[in-house]
Amino acid sequence: MHIIGIVVKNSGRDAITSHVVQYCLSFIIIGLRDALNQLSVPFPASGWNLNWNCEGKPITSSTIAIIGMGLISKSLVEEIRKLAPDCRIVYNTRTRDFDFENKHKLEYIADVSELAAQCDVLVPMCPLNKSTDNLISRDVIAQLRPHAGLINMSRGKIVDTDALTEALEKKAIKYAILDTTYPEPLPSEHPLWDMENCFIFPHYATNTMAVREALVSEIEPIIADHYGLGHSDERRKAEEKAIRYDLAVAHRLTAKYGMDMLVWNHISARFRTGCLITPGRKMWGQIKPEDLVYSSTNVTADVIHDAVYSARPDIKAVIHLHTPAATAVSCLEGGFQPVTQDGAYFYGRVANYAWDGLSDDASEGPLIAAAIKAVDGCNTLLMENHGFTCFGPSVRHAWVLAYYFEKCCEIQLRVMQSGGKLRRPNKAVMEKAAEDSYLPEFAPGVCEWEALCDEVTFD
């Protein structure tokens, strides 16, 4: 849910990701090697032979099953591949990243029960929602082989606690390592506490001073910004440099993908008390970081961008374009229709604004702001018979939204041109897709921006 005036920031994400991955990887290795069961087992005083206590498996010859393939899971895969380039990794996720899958030799298995049946260790790493509640069900657990283990690093409710308890009691699976449980905390009298093949940890993955320091160091400048405490000159310069770079990349990408209109249209990003914006009178494919200006020579740009920022204090970047498909859709009586999976980004988030001339009158600003405020969580303003404006918490977020909006409009026009009857997605399915589109690992720009930046060079 979007609440106007409240800005949500990530803090310590890299440190948290790294620590969870290290923690999980250590469990995978010691679980496969049966190391936890060897605690306090004495070395034999006599009768030792080469077969003594060697039932564990190395990670290099094991099959690891991962459920969910977000930021942490991908980082985990990368670390596993450093240790075991040829081990088998099977996975299940709602949204496949085929490039990542191919690069790291992953095998996708659509059925979670089949995934469990093939693995030596099952590692759920997915978020908890309606579709993953009790995902590791009695039926899934029943498919795990007697030598296999379960490591839960996600949320306790993803695993059916009763079914897991029964499987461990009957030795139907070899072990469970639980960093989370359901309920949490687990009642002191629960049988899992006393099982020799169950190892419960206190939701401990990120409990290090390094994570705490990262959280504090990244929160401090946010607090300082909010209360006007200021930053060091070095930090200010670094922040401005980063914003200028992203803005210049966004301009170059717009030209590269044929979304520009010679020297017209505009992109801006908030910086401190002002905003950096398109310089004007320069082809977008030539714009460099140093070209961005604090005051546009385009009155229309000032009116539109100021209106968006005044309507939404949480917005940090705005892009206004006249791309062919989106502009054509802006001329349709019915406007934009989110009818594809990619349209989920815009489901219930597009506001409409009737064309009122060249947007060169400051009095138009409040009207634009009112249109945006009228749609909860608005991320796009379709300006009728004119073009569109996308906005978000960063340049990368706003630009990727604009790219997908143009693509969605292209699809809409093709469907209409086909003469066939428009089939609309199921409302509940679209609502769920819209919700999932803004999970941290799938939000606009999170997965795409680094790769997009690789396509841009500055002389």
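The values are calculated or read from the model by the stated rules, or taken from the named source; none is laboratory data. The model shown is predicted, which means the values in this text are computed figures rather than measured ones. Positions of Cβ are generated from backbone atoms using ideal geometry, with glycine treated the same way; all protein chains shown enter the neighbour counts. When the accessible area is computed, the model is the full protein with side chains, heavy atoms only, and any ligands, DNA or RNA have been set aside. Shrake-Rupley method; radii C 1.70, N 1.55, O 1.52, S 1.80 Å.
Rounded to the nearest 10 degrees, the angle from helix 71-83 to the longest Cα principal axis of the chain is 50 degrees. Peptides 92-101, 413-422, ordered by how many other C-beta atoms sit within 10 Å of their residues on average, highest first, read 92-101, 413-422. Using C-alpha pairs under 8 Å with a sequence gap of at least 6, the mean separation divided by the residue count of the chain gives a relative contact order of 11 percent. With a simple spin-label model that places each label point 7 Å from the Cα along the Cα-to-Cβ direction, the separation between His147 and Leu83 comes to 1.8 nm.
For the chain, find the longest principal axis of its Cα atoms and tell me its angle to the long axis of helix 427-437, 0 to 90°, nearest 10. Helix 427-437 sits at roughly 80 degrees to that axis. For the peptides 73-83, 141-151, residues were scored by their other Cβ atoms within 10 Å and the scores averaged per peptide; the highest-first order is 141-151, 73-83.
The solvent-accessible area of Ser40, taken with every protein chain present and a 1.4 Å probe, is close to 120 Å².
In this calculation the C-beta distance from Asp133 to Leu36 is compared with R0 = 25 Å, giving a FRET efficiency of 0.35. For segment 333-408, the relative contact order comes to 34 percent (Cα pairs under 8 Å, sequence separation of at least 6). Within segment 114-218, what whole-number % of the accessible surface is contributed by carbon and sulfur, with the 1.4 Å probe and all protein chains included in the calculation? Reported share for carbon and sulfur atoms: 53 percent. For Asp454, the accessible area of its heavy atoms, probed at 1.4 Å with every protein chain present, is near 120 square angstrom. Please report, as a whole percent, how much of the solvent-accessible surface of segment 344-459 comes from carbon and sulfur atoms (probe radius 1.4 Å). The C+S portion of the solvent-accessible surface of segment 344-459 is 53 percent. Entry note, segment 119-190: relative contact order of 35 percent, from Cα contacts under 8 Å with a spacing of 6+ residues. Near Pro187, within a Cβ-to-Cβ distance under 14 Å, what is the net charge of the other residues, with Lys and Arg +1 and Asp and Glu -1? Once all neighbours under 14 Å are counted, the net charge is -4.
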